[in-house]
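Trainee: Questions regarding the structure given below will be posed in turn.
Please treat every number below as a calculation from the coordinates, not as lab data. This is a predicted model, so every value here is computed, not measured. Methodologically, a virtual Cβ is constructed for each residue, glycine included, from the backbone with ideal geometry; neighbour enumeration extends over all protein chains shown.
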């Protein structure tokens with residue numbers, strides 16, 4: 001499948017202004033890929049629709065094709081089955097992705113040529129790095145539901161990545177999650193302002209009352225005073 005419904009560019013742009021923590025919080029601490037999926041470069045922030053790739057462990061064949069059918073701004077999300085003993089991404093595919101305008105690449109598997117990729121400042125997220133190259137010769141699939149970093153990803157889902165990791169927002173929930181995440185971000189700005197004025201986080205969140213309620217085995221919730 002080469003075509004799929006993508007979220008509006010304006011919506012993706014608004015997500016790009018947020019960090020992954022806010023968005024995961026807005027999904028009740030959900031949507032975050034496992035901690036092993038990390039960026040090769042620092043100070044990175046990306047957002048875009050998922051173009052999903054399922055590939056045989058250690059095989060790059062389907063990835064090569066996925067780059068050619070991707071649209072500008074897409075994020076390649078690759079289910080490499082978590083296999084880390086052969087790289088399915090490297091410098092040459094990175095240069096090809098840059099040529100196509102692909103926003104980022106997220107791989108549940110291994111990469112190589114990390115020094116060269118870092119020099120290019122291209123956002124690649126992966127589980128591991130390894131010198132051994134992958135194979136070519138096994139048939140995978142493009143734009144099908146996949147698992148990546150322990151999270152289900154469907155074509156067109158909104159994907160965000162930064163220094164902390166990767167979060168996936170189902171396309172059908174994107175507008176609702178965005179509004180909630182923006183509210184969380186605004187609340188954090190208020191908390192930062194109160195800290196600058198001399199209050200501790202404990203004072204702002206009324207931690208003594210929370211501890212008192214917990215001691216009584218009552219439900220307690222952190223709220224900004």
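Trainee: Could you tell me what a quarter of the Cα convex hull surface of the chain works out to, in nm² with one decimal place?
Mentor: Computed as one quarter of the Cα hull surface, the answer is 14.1 nm².
Trainee: Against the longest principal axis of the chain, how steep is helix 91-100, in degrees 0 to 90 to the nearest 10, with axes from Cα atoms?
Mentor: Once rounded, the angle reads 80 degrees.
Trainee: Just to verify a number: FRET efficiency for residue 136 and residue 44, C-beta to C-beta distance, R0 = 30 Å, to 0.05?
Mentor: My answer for the efficiency is 0.55.
Trainee: State the dimensionless ratio Rg/Rh of segment 122-225 (Rg: radius of gyration of Cα atoms; Rh: Kirkwood radius).
Mentor: On the Cα set of segment 122-225, Rg over Rh gives 1.15.
Trainee: Where the centre of each part is set by its Cα atoms, how far does segment 1-29 sit from segment 136-162, in angstrom?
Mentor: Spelled out, the Cα-based centre of one part sits 15 Å from the other.
Trainee: Given the rule -39500 (n - 2.57) for each run of at least 4 DSSP H residues, summed and divided by the residues of the chain, what is its mean residue ellipticity at 222 nm, to the nearest 500 deg cm²/dmol?
Mentor: After summing the helix terms and dividing by the residues of the chain, the value is -10000 deg cm²/dmol.
Trainee: For the pair residue 206 and residue 69, how long in nm is the line joining their label points, each one 7 Å along Cα→Cβ?
Mentor: Once both label points are built, they end up 5.5 nm from each other.
Trainee: While we're looking at this one, here's another question. Could I have the simple spin-label model distance between residue 36 and residue 186, label points 7 Å from Cα toward Cβ, reported in nm to one decimal?
Mentor: Label-label distance for residue 36 and residue 186, simple model: 4.0 nm.
Trainee: Relative contact order for the chain: what is it in percent, counting Cα pairs under 8 Å that are at least 6 residues apart?
Mentor: This gives 27 percent for the chain.
Trainee: Can I ask one more? Could you state the per residue volume, in Å³, of the convex hull enclosing the Cα atoms of segment 33-82?
Mentor: In segment 33-82, the Cα convex hull volume per residue is 102 Å³.
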